[in-house]
């Protein structure tokens, strides 16, 4: 397999392994886990734009994801006092519980399938690859 195919295949296989474990234990799915993680980092002041940017999805997809989080009682929107065009999104108590429970499952799977030394090496390689991709994007936009 070439580099690109191997990288994408691994990401899909890892995503599916975590998703399967979350589902089997009755937890929120991985996409929702990523979104609630972003909201937790923003401590009640998260926006759809933050979710979009931090997990790499479109603003429209992030908005729909927040709609589902709200519908399921995991998050709540409130008016943004600094920008009438956006809302602030906070986790509910159920959202915080769901975050912790699902993160525990995710971390257990990661601990089982990724050696700590390999993880450090992979993080270093991914950071270098991301930096080069970012440079390429900037050069293309100029």
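The values are calculated or read from the model by the stated rules, or taken from the named source; none is laboratory data. Everything numeric here is computed off the predicted structure, so don't read it as measured data. Positions of Cβ are backbone-derived with ideal geometry, glycine not excepted, and every protein chain shown enters the neighbour counts.
Just the residues that are free of Cβ contacts under 8 Å to residues at least 40 places away in the same chain and closer than 14 Å to residue 66 by Cβ, please, taken from segment 1-34.
Passing the criteria: 31, 34.
Name the one entry in 122, 45, 93 that is touching a residue at least 12 places away in the same chain (Cβ under 8 Å) and either over 30 Å from residue 3 (Cα atoms) or under 19 Å from the mean Cα position of the chain (by Cα) (or both).
Every option except 45 fails the conditions.
Suppose we filter 57, 12 for residues that are modelled with pLDDT of 95 or more, out of contact with any helix residue (DSSP H, G or I) (no Cβ under 6 Å at 6 or more places or on another chain), within 30 Å of residue 114 (Cβ to Cβ) and surrounded by 12 or more Cβ atoms within 10 Å (Cβ to Cβ); which single one remains?
57
Determine which member of the set 94, 67, 104, 83 is surrounded by fewer than 16 Cβ atoms within 10 Å (Cβ to Cβ), out of contact with any strand residue (DSSP E or B) (no Cβ under 7 Å at 6 or more places or on another chain) and not in a helix (DSSP H, G or I).
Answer to the selection: 83.
With 26, 44 as the choices, which residue is within 30 Å of residue 113 (Cα to Cα) and not in a helix (DSSP H, G or I)?
26
Please pick out the residue among 18, 51 that is under 30 Å from residue 133 (Cα atoms), in a helix (DSSP H, G or I) and either touching a strand residue (DSSP E or B) at 6+ places or on another chain (Cβ under 9 Å) or modelled with pLDDT under 95 (or both).
Step by step, each of 18, 51 is checked, and only 51 is under 30 Å from residue 133 (Cα atoms), in a helix (DSSP H, G or I) and either touching a strand residue (DSSP E or B) at 6+ places or on another chain (Cβ under 9 Å) or modelled with pLDDT under 95 (or both).
Which of the residues that make up segment 15-41 are within 24 Å of residue 92 (Cα to Cα) and surrounded by fewer than 12 Cβ atoms within 10 Å (Cβ to Cβ)?
Passing the criteria: 24, 26, 41.
If you go through segment 24-48, how many residues are closer than 20 Å to residue 108 by Cβ and touching a strand residue (DSSP E or B) at 6+ places or on another chain (Cβ under 7 Å)?
Adding up the residues that qualify gives 2.
For segment 107-126, what are the residues that are surrounded by 10 or more Cβ atoms within 10 Å (Cβ to Cβ) and over 12 Å from residue 21 (Cβ atoms)? Can you show your working first?
Filtering segment 107-126 down to residues surrounded by 10 or more Cβ atoms within 10 Å (Cβ to Cβ) leaves 107-111, 113-115, 118-126.
Of everything in segment 107-126, those that are surrounded by 10 or more Cβ atoms within 10 Å (Cβ to Cβ) and over 12 Å from residue 21 (Cβ atoms) turn out to be 114, 115, 118, 119, 120, 121, 122, 123, 124, 125, 126.
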